[in-house]
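Take a look at the structure below.
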Amino acid sequence: MGDFLTAFLDNMPDVRSGLWTTLQATLYGAALAFVLSFLLGLMSGSRLLPVRGVSRVFVEFFRGTSLYVQLFWLYYVLPTINTDYEIEPLLCGVLAFGMNYGAYGSEVVRGALGAVPKAQREAAIALNMTPFQRLRRVVLPQAWPQMIPPFANLLIQLLKCTPLLWLISVQDLMTVMEQLRDRTGETVPAYLTLLVIFFVLAYALTMLMNMLEAAAKARLGQHTSARGLLRSRSGQIAGVDR
Amino acid sequence: MTFDWSWERAQEVLPLLLEGFKITLLATVFGIALAAALGLAVAVAGRAPSRLVRAPVRAVTEFVRSTPLVVQLVFAVALFPGTDPLYVGTAVLGIHYAGYTSEVYRAGIDAVPRGQWEACTALSMSGRRTWQAVILPQAIRNVLPALGNYAISMFKETPFLAIITVSEMVRQAREYGAEHFYYTEAFTLAGLIFLAASYPTSLLVRSLEKRLGH
């Protein structure tokens, strides 16, 4: 235990940069996933069959082929298609996480948009609002608070996938801890520390998303107690169970 | 820009992938069976009358659920060095997913109307009989589609076992790629096999959902 603790403290800069890489992968991946979720989710509600079709195929493809396979495909196969330029391993990770979780997220968006009562859309049409106004002023404000809990679940899932970066030689938190474990030979403290750090990160992200949800609900005139902010997530994989 | 695809290599690697696919299926079936059983036990324990039982059960499941499967796998293998990684990996998959399934059961149990519990008390049924004859039959019916969805998502996470040297499908693909320096066919086919297996299954689960009236 002592050896590991000393090594951990001595290599604090490495640990911190690993942590930063893990956070970067999570945040950039989540940002890409967020954009794709809305793009594909809105496309799936289109009246045009080709638009719906493209969205459906993309979603089913990225949900159906395993994230692990997608990551390795980007890392090993993509460079052989176009040898002119190198793709940064971290970018591979961000792309794979973003596209995979974007596919799951689009189902969340689709579900939440569909759950807004029909009368609300009809009223907006009766008021002569343009499609964009209907979405921006009526549908989205009501659908948004419903999207946040499943988005929070997906965000935690994404965070928990980042150790895969270790396999494509990114210096993430997992890689740094593996190196420390190798050097000290202290397996149990190394992995326990890693698990605890991930647990803390997951809890912090959950709390942030709870605050976001409370803010979104407050805008609709519903208020959340302080206790509600501290609750943990329901633990279901969003987008899978619908 | 060329997509370097060779049918010969595809034909060469396919039998290896299917060999690995058997392991993938095996791990999924045993993993989800363990997750289904353990999740139920955790959900019931989470409703124990004593706080001394409830609190630790909840803390442990929350921890297992919030930490990465990859780290849990390598940790478990380091803890049990003599055991076959396939067994360790399947057990870890089952335990990790029990964290999710227990929530599904919990929701299913919560959905059983209060009157059912009260009726059991009125008939002075024992705790065991209340669970066995009244609560669980109603709760479990509701959770079947959700369990199906977790089985599919576990199936797609079995490649994680490759990290701990289990020779499932993706590991076969990697080994073939490392040996021949051609990854294209192996990984593309592995992805397509996943898609071909998981998409019809998810349609099946969706129709089950509709039939149970969700």
### Task
Taking the Cα centre of chain B as origin, sum charge times position over the Cβ atoms of Lys and Arg (+1) and Asp and Glu (-1), and report the length of that vector in debye to the nearest 20.
1340 debye
### Query
For the pairing of chain A with chain B, what total accessible surface becomes buried, with a 1.4 angstrom probe, in square angstrom to the nearest 100?
4100 Å²
### Task
For chain A, set up a Gaussian network in which alpha carbons nearer than 10 Å are linked by springs, and say which option among A:Leu195, A:Leu19, A:Leu180 fluctuates the most.
A:Leu195
### Query
With every protein chain left in place, what is the accessible area per residue of the protein assembly as shown in square angstrom, probe 1.4 Å?
49 Å²
### Query
Across the residues of A:160-166, average count of Cβ atoms on other protein chains within 10 Å?
5
### Task
Mind checking which lysines have their Cα closer than 24 Å to the Cα of B:Lys210? Skip sequence neighbours fewer than 8 apart in that chain.
A:Lys118, B:Lys156
### Query
Label A:Trp20 and A:Ala215 with points 7 Å out from Cα along Cα→Cβ: what is the distance between them in nm?
2.5 nm
### Task
Mind checking A:185-198 for the average number of partner chain beta-carbons within 10 Å of each residue's beta-carbon?
3
### Message
Could you compute the net charge surrounding A:Ala7? Neighbours are other residues with a C-beta less than 11 Å from the C-beta of A:Ala7; K and R count +1, D and E count -1.
### Response
-3
### Query
For B:Thr165, what charge total do you get from the other residues with a beta carbon under 14 Å from its beta carbon, if Lys and Arg give +1 and Asp and Glu give -1?
-1
### Task
Using Cα pairs closer than 8 Å and at least 6 residues apart in sequence, work out the relative contact order for region A:2-230, in percent.
28 percent
### Summary
Total charge of the residues flanking B:Glu185 in space, meaning their Cβ is under 14 Å from its Cβ, with Lys and Arg +1 and Asp and Glu -1, is -3
### Message
Ignoring solvent entirely, what values of log10 I(q)/I(0) come out of the Debye formula for region B:124-214 at 0.18, 0.20, 0.24 Å⁻¹ when each Cα is a single scatterer?
### Response
-0.85, -0.94, -1.11
### Task
Any aspartates and glutamates with Cα under 13 Å of the A:Lys160 Cα? List them, leaving off those in the same chain fewer than 8 positions away.
A:Asp172, B:Glu157
### Query
So for region B:7-211, taking the charge dipole from beta-carbon charges (+1 Lys/Arg, -1 Asp/Glu), which of B:Ile163, B:Tyr105, B:Gln72 sits furthest toward the positive end?
B:Tyr105
### Task
State the percentage of accessible surface on chain B attributable to carbon and sulfur atoms; use a 1.4 Å probe and exclude ligands, DNA and RNA.
64 percent
### Message
Between B:Thr165 and B:Ala119, how high is the FRET efficiency from 1/(1 + (r/R0)^6) when r is the Cβ-Cβ distance and R₀ = 51 Å? Nearest 0.05.
### Response
0.45
### Task
Mind listing, in residue-number order, the residues in region B:133-170 that have at least 40 Å² less accessible area with every protein chain present than in their own chain alone (1.4 Å probe)?
B:Asn149, B:Tyr150, B:Lys156, B:Phe160, B:Ile163
#### Entry: Shielding by partners, peptide A:69-79 (average Cβ within 10 angstrom, other chains)
6
### Task
Find the all-direction average of the projected area of the Cα convex hull for region A:81-153, expressing the result in square nanometres with one decimal place.
7.2 nm²
### Summary
Per the charge dipole of the protein assembly as shown (beta-carbon charges, Lys/Arg positive, Asp/Glu negative, Cα centre), the residue among A:Ala190, A:Leu220, B:Pro49 reaching farthest to the positive end is A:Leu220
### Query
Roughly how many debye, to the nearest 20, is the charge dipole of chain A about its Cα centre, given +1 on each Lys and Arg Cβ, -1 on each Asp and Glu Cβ, and no other charges?
1660 debye
### Task
Starting from the Cα gyration tensor of region B:58-214, take the square roots of the eigenvalues, sort them a ≥ b ≥ c, and report rounded, prolate or oblate (rounded when a/c is under 1.5, otherwise prolate if a/b is larger than b/c, else oblate).
oblate
### Query
Given a 1.4 Å probe and every protein chain left where it sits, what share in percent of the accessible area of region A:2-230 is carbon and sulfur?
65 percent
### Message
I'm checking a number: the convex hull volume of the Cα atoms of region B:98-139, normalised per residue, in Å³. What is it?
### Response
61 Å³
### Task
Could you rank the peptides B:12-23, B:66-77 by their average count of other C-beta atoms within 10 Å per residue, with the highest value first?
B:66-77, B:12-23
### Whether the protein assembly as shown is rounded, prolate or oblate, judged on the alpha carbon gyration tensor where a/c under 1.5 counts as rounded
rounded
### Task
First check a/c for region A:2-230, with a ≥ b ≥ c the square roots of the eigenvalues of its C-alpha gyration tensor; if it is under 1.5, answer rounded, and if not, answer prolate when a/b is larger than b/c or oblate otherwise.
oblate
### Task
Could you give the size of the charge dipole of the protein assembly as shown about its Cα centre, using +1 on the Cβ of each K and R and -1 on the Cβ of each D and E, expressed in debye and rounded to the nearest 20?
2740 debye
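The values are calculated or read from the model by the stated rules, or taken from the named source; none is laboratory data. Source: prediction; values computed, not measured. When we count neighbours, we look across all protein chains shown, and the Cβ atoms used for this are built from the backbone with ideal geometry, even at glycine. Areas reflect the complete protein model, heavy atoms only, side chains present, ligands, DNA and RNA absent. Shrake-Rupley method; radii C 1.70, N 1.55, O 1.52, S 1.80 Å.
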